[in-house]
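Trainee: What follows is a single structure, and I will ask about it in a moment.
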Amino acid sequence: MKRALVIDDHPITHLGASRLLRELGYDEVGQAMSGEAALAQLQDGPAPDLIVLDISLPGAGGLDLVAPLRAQAAGARVLIFSMNDQTAFAARALQAGAQGFLSKNAPPSEFRDAVRTLEAGEFYLAPKQAMALATLRAGAAADPLAALSDRERQVLALIGQGASLQAIADALQVSYKTAANTSSALKKKLGVDGINGLMKFALDSGI
């Protein structure tokens, strides 16, 4: 028996999603108008195979509910179903532990595709969102500062202020050797030569 749970505070969403899910072979489609009601249902009944979850809910927001919902229904796949189709929200949904993100403006065929994709154990994003998210991640990977540790950022900032390695060691309460090793690591990561190169990089990047 296939079970689904739709968590949304709009009755029309429940009606449409429930109909589509039954067409997809779900024998039971539970409904909850809030996260609190959904969690109460999971305590009292069998765990669903699929959870369709809105972001904007009364009380706890949808993204904050992903973890506690999955804790009570460990095997359930979570599809975020939202009016907000911005790529940033899709990224946050995946980071929160959801397996898919779908706009409520999507056609029924895309809803079916999303559900089937999650059932296959894969992640779902609309093609445009997937491309936009890949572009954002590529941009982050291209940012050399994104690869630095907190300590390396501290050392780079102090070098940009003209501090010597000994002054950096004193300021960070580390040994001179640690400051020197961090400086060497920075040169390799950033592809620059010497302290002057690090200083210029720090000034140019505004760190």
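Every read-out reported here was derived from the displayed coordinates using simple, explicitly stated rules and does not represent laboratory data. These numbers come from a predicted model, not from an experiment. For neighbour counting, all protein chains shown are included, and Cβ atoms are generated from backbone atoms with ideal geometry for every residue, glycine included.
Trainee: Cβ under 12 Å from Asp54's Cβ, Asp54 left aside: what net charge do those residues give with Lys, Arg +1 and Asp, Glu -1?
Mentor: -1
Trainee: What are the residues whose amide H is under 5 Å from the amide H of Val29, where those residues sit 5 or more places off or on another chain and H is modelled from the backbone?
Mentor: Amide H to amide H, under 5 Å and 5 or more residues apart or across chains, Val29 pairs with Ala4.
Trainee: Another one. Give the lysines reachable from Lys128 as a straight Cα distance under 16 Å; neighbours fewer than 8 places away on the same chain don't count.
Mentor: Here the lysines satisfying the reach criterion relative to Lys128 are Lys104.
Trainee: On to the next question. Going by the alpha-carbon gyration tensor, a ≥ b ≥ c the square roots of its eigenvalues, is region 144-205 rounded (a/c under 1.5) or, if a/c is not under 1.5, prolate (a/b greater than b/c) versus oblate?
Mentor: Verdict is prolate for region 144-205.
Trainee: Quick one, which of [x] 19.4, 71; [y] 24.1, 70; [z] 24.3, 73 is the actual Rg and Dmax of the Cα atoms in Å calculated for this model?
Mentor: Derived directly from the coordinates: [y].
Trainee: May I ask for the net charge around Met83, where only other residues with Cβ less than 13 Å from the Cβ of Met83 are counted and Lys, Arg are +1 while Asp, Glu are -1?
Mentor: -3
Trainee: Tell me the net charge near Leu15. Cut-off is 12 Å between Cβ atoms, Leu15 excluded, with +1 for each Lys or Arg and -1 for each Asp or Glu. Intermediate results must be reported in sequence, preceding the final value.
Mentor: Details: positive: Arg19, Arg22; negative: Asp8.
Net charge around Leu15: +1.
Trainee: Along the positive direction of the dipole of the chain (beta-carbon charges: Lys, Arg +1; Asp, Glu -1; about the Cα centre), which of Val192, Val115, Val66 reaches farthest?
Mentor: Ranked along the dipole, the leading option is Val192.
Trainee: In addition: In deg cm²/dmol and to the nearest 500, what is the mean residue ellipticity at 222 nm of the chain if only DSSP H runs of at least 4 residues count, each as -39500 (n - 2.57), divided by the residue total? Write out the running numbers ahead of the final one.
Mentor: Numbers: 10 runs with 118 residues, N = 207.
Calculated at 222 nm, the ellipticity per residue is -17500 deg cm²/dmol.
Trainee: Taking springs between alpha-carbon atoms closer than 10 angstrom, which of Ile51, Ile80, Ile168 fluctuates most in the Gaussian network model of the chain?
Mentor: Most flexible of the set in this elastic network: Ile168.
Trainee: If r is the Cβ-Cβ distance from Gln43 to Ile195 and R0 is 45 Å, what FRET efficiency results, to the nearest 0.05?
Mentor: E between Gln43 and Ile195, to the nearest 0.05, is 0.15.
Trainee: Okay, moving on. Each label point is 7 Å from the Cα along the Cα-to-Cβ direction; what then is the distance between the points at Leu203 and Ser184, in nm?
Mentor: Those two pseudo-labels are separated by 2.7 nm.
Trainee: Tell me, what is the percent relative contact order of the chain, built from C-alpha pairs under 8 Å that lie six or more residues apart?
Mentor: 13 percent
Trainee: Might you report the magnitude of the Cβ-based charge dipole of the chain about its Cα centre, with Lys and Arg at +1 and Asp and Glu at -1, to the nearest 20 debye?
Mentor: Computed charge dipole of the chain: roughly 700 debye.
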